[in-house]
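First up is the structure itself, then whatever we jot down about it.
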């Protein structure tokens, strides 16, 4: 069987059966079908009403490849390489669709998840069960209109999600808990009065601010300053005598 199958494999098989001499095994291997399905197409029992699709015009096979396979029944058809690279879609998954017949089971599934996996966030519960955040909040605080009749039920057993999806969300929560660790203390938090008052020493900086500054020691007068002071005094006395 080819690793990459053609688009519309049954329609391609119809065209190959009607327009080539390839064996049933070769057509089945190329289109990813069972040999009996290809035989049923040839007999008209399978794919009735399906219009054949030409893989040559679609660029998935070449006429040379078909001719080579017709000459050698053991040859396995190889699909042609893509001329344009197709990048995988990065579109986000939309909200989970829940069949109408299963929607009444969603509150029971949410209750089961809350009790058995309390580490899951509301957004994870919404992805798994396809419910809404207000509904989850009502089930948590038991304000849901049908809280008295809710019974925890495994969402996997109810068919609301797969075990693979549930395990993936649980592992994601475990990794988040490992990275988070202990919550860091908030910087700049004020201490309570019981810790700051009574029995605690006053910081030195505060004590130094509260205490008055000591008087500065008198500076010793230099000889030049002393002479200037004496001359100023004599001049003052002389001016007084002149006035008298």
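Bear in mind these aren't lab numbers, they're just calculated from the coordinates by the rules spelled out. Note that the structure is predicted; figures quoted are calculated from it, not measured. No Cβ is skipped: glycine too gets one built from the backbone with ideal geometry, and neighbour counts run over all protein chains shown.
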#### Entry: Cβ crowding within 10 Å averaged over residues, with 33-46, 161-174 ranked highest first
33-46, 161-174
### Query
Computed FRET efficiency, Cβ-Cβ of residue 132 and residue 104, R0 22 Å: what is it to the nearest 0.05?
0.90
#### Entry: Contour minus Cα-Cα distance for residue 174 and residue 78 (0.36 nm per residue)
30.1 nm
